[in-house]
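Rule-based calculations on the coordinates, nothing more; no lab input. Bear in mind the structure is a predicted one, so any value in this text is a computation, not a measurement. In this analysis, Cβ positions are derived from the backbone assuming ideal geometry, glycine residues included, and neighbour counts consider all displayed protein chains.
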């Protein structure tokens, strides 16, 4: 299984209820002590395709699965995941937390696999006594890049692989004016290049395909880097100005040369008080998927007719139009400069009221919801979450779960047991309680979360909490 980013994202090439990190509250005085983390180890054995143990393979956990969903390793809760290296017998142990969310056991672990002579890969496994991971040789690529003006340094160029999200330090090196990649898996694939230079606009190549070679000779790919698309946009005129806390995210999806839509690039921009926003350089040859939010408004979902057109374009037969889901507005640029107007709709505020079985209010518990925004064919993120692919490519410690948003959908309950959540949409949400020494949500079907349908007239959601000493984890 592969989580794609959204993997921001998209992640993720499946649709899941992502358990994403939501920023901690500013109200430090109300924070309870964090429960102690219990750690377990997963025994792993790494072999090649002939079954021979492989030494020196780096294995790092990056996502956890449970009955509450499958999502990013949350560093604010568990710290940075440990990387372990296989010994001469191909063996190692992966350390993971016993519980994913509050007292819900981890049932699956996703790991990345890294060795210079083998394909970089991802592997998701159920918890077991001994898990075997097979590494493959794959095809090595030798890449030459050019710019029409003859500008730029090869050291500024990063090669992006379709549906493969990995820091470039693990995937490429420079040899004799060529970029040489770590072996890549599959019978064929596609790559694009991006030049990220200081004080210079981003430059992108178009995508080029490669085919598997069994003779051990690297596949040669030549990429031409050119200026990206300039996008100037605004919010619809029915949104009152000045705009406050405005943000717009974009996902750039490519259709050609790949088996499934490829989320090539992600970015976000501030919406100015007059309702305008700008993206200086986005990859050409992609569809642009926009989600915008500001105080009191969120971008409207496409009409049923437009939704059907997009599904047909993406051959996405597994998704049905849902009036309780949030979808992006999609534009296909036909030139190097694009002007867009995003239609907006009003949002709503909802009070979450925590109480015990006697109806008494519960103070000091952190409650939150995760309204999902869907990206066609690639998964979902918590609404309003934004990230920049550029930051991921430049930062080897980039945390996908630590994405930007002006709208944290969580907070601590007050003396009345209430916390107000702003800027919500008419949608289905999952409601959860953060770990607390005294209180927790009841466990239902292995989950400590609630499914809530928010309607235009929803003003309050009552949340039953039970003492933590009861209803112990299974």
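Computed values, structure above
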read-out	value
Cα gyration tensor, the range 83-201 - rounded (a/c under 1.5), prolate or oblate	prolate
Cα-derived Rg to Rh of the range 34-134, Kirkwood definition	0.98
Simple spin-label estimate for residue 398 and residue 353 in nanometres, 7 Å along Cα-Cβ	4.4 nm
Fewest-first ranking of 173, 468, using other Cβ atoms within 10 Å as the exposure measure	173, 468
Chain lengthening between residue 153 and residue 270 when straightened (0.36 nm per residue, less Cα-Cα)	39.1 nm
Ranked 267, 238, criterion: other C-beta atoms within 10 Å, fewest first	238, 267
Rounded FRET efficiency, nearest 0.05, which uses the C-beta distance separating residue 309 from residue 108 and R0 of 30 Å	0.25
Between the range 395-474 and the range 194-222, the alpha-carbon center distance in angstrom	43 Å
Gyration tensor (alpha-carbon) shape descriptor, the chain, a/c threshold 1.5	oblate
The chain - mean residue ellipticity at 222 nm from DSSP helices (-39,500 (n - 2.57) per run, n ≥ 4, rounded to 500)	-1000 deg cm²/dmol
Ascending count of other beta-carbon atoms within 10 Å, so fewest first, for 439, 62	62, 439
Prolate/oblate/rounded call for the range 229-346, Cα gyration tensor, a/c under 1.5 rounded	oblate
Gain on full stretching of the segment that runs from residue 232 to residue 337 - 0.36 nm per residue minus C-alpha separation	37.0 nm
Calculated FRET efficiency for the pair residue 134/residue 214, C-beta based, R₀ 25 Å, to 0.05	0.90
